[in-house]
Amino acid sequence: MTVTLRDAQREATRHRILDAATDLLIADGYSSLTTQSVQTAAGVSRGALLHHFPNMQELTAALVSNIVVRNEAAVRSAMSRQDPSVDTIENSISALYSALTQPPFQAELELWSAARTDPVLAEVLRESERVAGRDLQRVVHDAFGPEIVASENYSKIADLTVLMLRGLALSRAVHKSDASARRSISQWAGVVRLLLTQN
């Protein structure tokens, strides 16, 4: 299918809206996210905004996907800066943790928190996060690499790693440094090595 200039412009406008909404969420929280604030931040007309996202539910669902893309980019960036002298497993877990300390994941946490008292948002997030979960699995697979993914215990390793790292990311708000998180990552890497030796 041929992509026309009009198609490219339409897609660029959609991305501009999503990036503006993501930046607003990161900077000012969910309460700042309105169609008017997004329209202003993106520099688009009301009609352009409503053409792409007729309501906040559709915008929020797309926002989750945009955050996932940013989180994935953060993981890949962290993986590219790995220290070759550090254990591969620890490097992989550290790269995943690094992504969870970046603004896009903090924005995702903001959505989860707001959903506690907003049933409409909670329903949007349930579906969006289900879809995003597949992308998260792929990112975790890529971080650990094919040898670990092939292990019989890999599904346990992946699930528990994500849960642990999310907990560490949440606790950052009350810690002055990442020293405790680094210790936990090192300890978890040791547990992963043990799991890899079990059948």
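The values are calculated or read from the model by the stated rules, or taken from the named source; none is laboratory data. The structure displayed is predicted, hence computed values, not measured ones. Cβ atoms come from the backbone with ideal geometry, glycine included; neighbour counts cover every protein chain shown. Keep in mind that these areas ignore ligands, DNA and RNA; they rest on the heavy atoms of the full protein, side chains included. Shrake-Rupley method; radii C 1.70, N 1.55, O 1.52, S 1.80 Å.
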Problem set entry | Gap separating the Cα centres of the stretch 183-198 and the stretch 24-79, nearest whole Å | 37 Å
For this session: Please go through the stretch 99-191 and write out the trypsin sites (Lys or Arg not before Pro) that DSSP classes as loop and that have at most 13 other C-beta atoms within 10 Å.
Result: 116, 176
Exercise. Using the beta-carbon distance between residue 198 and residue 65 and R0 = 30 Å, what value does 1/(1 + (r/R0)^6) give for FRET efficiency, to the nearest 0.05?
Worked result: 0.25
Exercise. Tilt of helix 154-171 relative to the longest C-alpha principal axis of the chain, in degrees (0 to 90, nearest 10)?
Worked result: 70 degrees
Seminar exercise, completed: With 0.36 nm assigned to each residue of separation and the Cα-Cα distance removed, residue 186 to residue 57 gains 42.5 nm
Exercise. To the nearest 10 degrees, how steeply does helix 88-100 sit against the main Cα axis of the chain, on a 0 to 90 scale?
Worked result: 30 degrees
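Using a probe radius of 1.4 Å on heavy atoms only, what accessible surface per residue do you get for the stretch 115-165? Whole Å² is fine. Mind dumping the intermediate values first?
Details: 3040 Å² over 51 residues.
That works out to 60 Å² per residue.
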Problem set entry | Whole-Hz ³J(HN,Hα) from phi, Karplus 6.51 cos²θ - 1.76 cosθ + 1.60, for the stretch 64-75, glycine and proline x | 4, 4, 5, 5, 4, 4, 5, 5, 4, 4, 5, 5
Exercise. Considering only protein heavy atoms, what is the solvent-accessible area of residue 52 at a probe of 1.4 Å, reported in Å² to the nearest 10?
Worked result: 30 Å²
Seminar exercise, completed: Carbon plus sulfur, as percent of the 1.4 Å-probe accessible area of the chain, comes to 55 percent
Seminar exercise, completed: the stretch 13-76 accessible area per residue, 1.4 Å probe, protein heavy atoms, integer Å², reads 44 Å²
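Would you please name the GluC sites (Glu not before Pro) within the stretch 67-158 that are DSSP coil residues with at most 11 other C-beta atoms within 10 Å of their C-beta?
Working: sites: 72, 90, 108, 110, 123, 127, 129, 147, 152; in loops: 152.
Here the sparse-neighbourhood loop sites are 152.
Under the definition of Cα pairs under 8 Å and six or more residues apart, what whole-number percent is the relative contact order of the chain?
Values: 163 pairs, mean separation 42.6, N = 199.
Reported as a whole number, the value is 21 percent.
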